[in-house]
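Q: Below is one structure. I have some questions about it.
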Amino acid sequence: MMTDQPHPTAPAPSTPPPDPFPAGFGHGLAIGFFVVVLAVWAAVMTLSLRQAALPDERDGLLLAVFHPGSSQEDAFRAMVAAGGEPVRTTWLGFAYVARGLEPGFVGRLKAEGALAAFGDLPVGPTLGGCAAMPVDTAKIAATKLQ
């Protein structure tokens, strides 16, 4: 005859240990932390970019930022129409190093379609991440694009 009772020598069924975290604590905490870090980063970047943006009256060597997806031809055309010259492209594809020698270059560049212009970045207007080198402005100033 079979019974549903465990055999006297069989070990008693073990109960799982209690969960040290309340329900929803694990992934929710990680997601919440990620959202907070992302919000702080976005706020710091927004403030930094506003501080680095050049006023419309400025000229000189700068980083011109266009709408993402803008073609290189349109950006170069805008730089030339604003009275400047393109110096080189960056890895971003919508940001270019440009030089304008007449005051008001930034304002004219914005009128031609640039979103913003930045200068005096900690590594100069060279974007290169960890391998960025300061820009030799004397060498660039001596270069005349044809």
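Q: Scan Gly60, Gly69 and give me the residue that is farther than 10 Å from Leu109 by Cα, touching a residue at least 24 places away in the same chain (Cβ under 8 Å) and open to solvent by 60 Å² or more (accessible area, probe 1.4 Å). Outline the logic, then answer.
A: Numbers: Gly60 fails: open to solvent by 60 Å² or more (accessible area, probe 1.4 Å).
Selected residue: Gly69, the only one of Gly60, Gly69 that is farther than 10 Å from Leu109 by Cα, touching a residue at least 24 places away in the same chain (Cβ under 8 Å) and open to solvent by 60 Å² or more (accessible area, probe 1.4 Å).
Q: For residues in the range 75-108 being open to solvent by 80 Å² or more (accessible area, probe 1.4 Å) and within 22 Å of the chain's Cα centre (by Cα), which is farthest from Glu57 (Cα to Cα)?
A: Once the filter is applied, the top-ranked residue is Trp91.
Q: In addition: Take Ala39 and decide whether it is small (Gly, Ala, Ser), in a helix (DSSP H, G or I) and either touching a strand residue (DSSP E or B) at 6+ places or on another chain (Cβ under 6 Å) or on the phi < 0 side of the Ramachandran plot (or both).
A: Values: small (Gly, Ala, Ser): yes; in a helix (DSSP H, G or I): yes; either touching a strand residue (DSSP E or B) at 6+ places or on another chain (Cβ under 6 Å) or on the phi < 0 side of the Ramachandran plot (or both): yes.
Here the answer is yes, as Ala39 does meet what is asked.
Q: Something else now. Suppose the filter is at pLDDT 90 or above and assigned to a helix (DSSP H, G or I); does Val44 pass it? Outline the logic, then answer.
A: On the way: at pLDDT 90 or above: no; assigned to a helix (DSSP H, G or I): yes.
For Val44, the condition - at pLDDT 90 or above and assigned to a helix (DSSP H, G or I) - is not met.
Each row is one residue, and each column tells you yes or no for (1) at pLDDT 85 or above; (2) over 28 Å from Val65 (Cα atoms); (3) exposed (fewer than 10 other Cβ atoms within 10 Å of the Cβ); (4) not hydrophobic (A, V, I, L, M, F, W, C).
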site: Pro13; (1), (2), (3), (4): no, yes, yes, yes
site: Pro17; (1), (2), (3), (4): no, yes, yes, yes
site: Phe25; (1), (2), (3), (4): no, yes, no, no
site: Leu29; (1), (2), (3), (4): no, yes, no, no
site: Val36; (1), (2), (3), (4): yes, no, no, no
site: Leu49; (1), (2), (3), (4): no, no, no, no
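Q: Please return the ranges of helices (runs of 4 or more DSSP H) entirely within the range 55-146 where 3 or more residues are modelled with pLDDT of 85 or more and touching a strand residue (DSSP E or B) at 6+ places or on another chain (Cβ under 9 Å).
A: 72-81, 105-111
The values are calculated or read from the model by the stated rules, or taken from the named source; none is laboratory data. Just so you know, these numbers come straight off a predicted model, no measurement behind them. Cβ sites come from the backbone with ideal geometry, for glycine too, and all protein chains shown count toward neighbours. Keep in mind that these areas ignore ligands, DNA and RNA; they rest on the heavy atoms of the full protein, side chains included. Shrake-Rupley method; radii C 1.70, N 1.55, O 1.52, S 1.80 Å.
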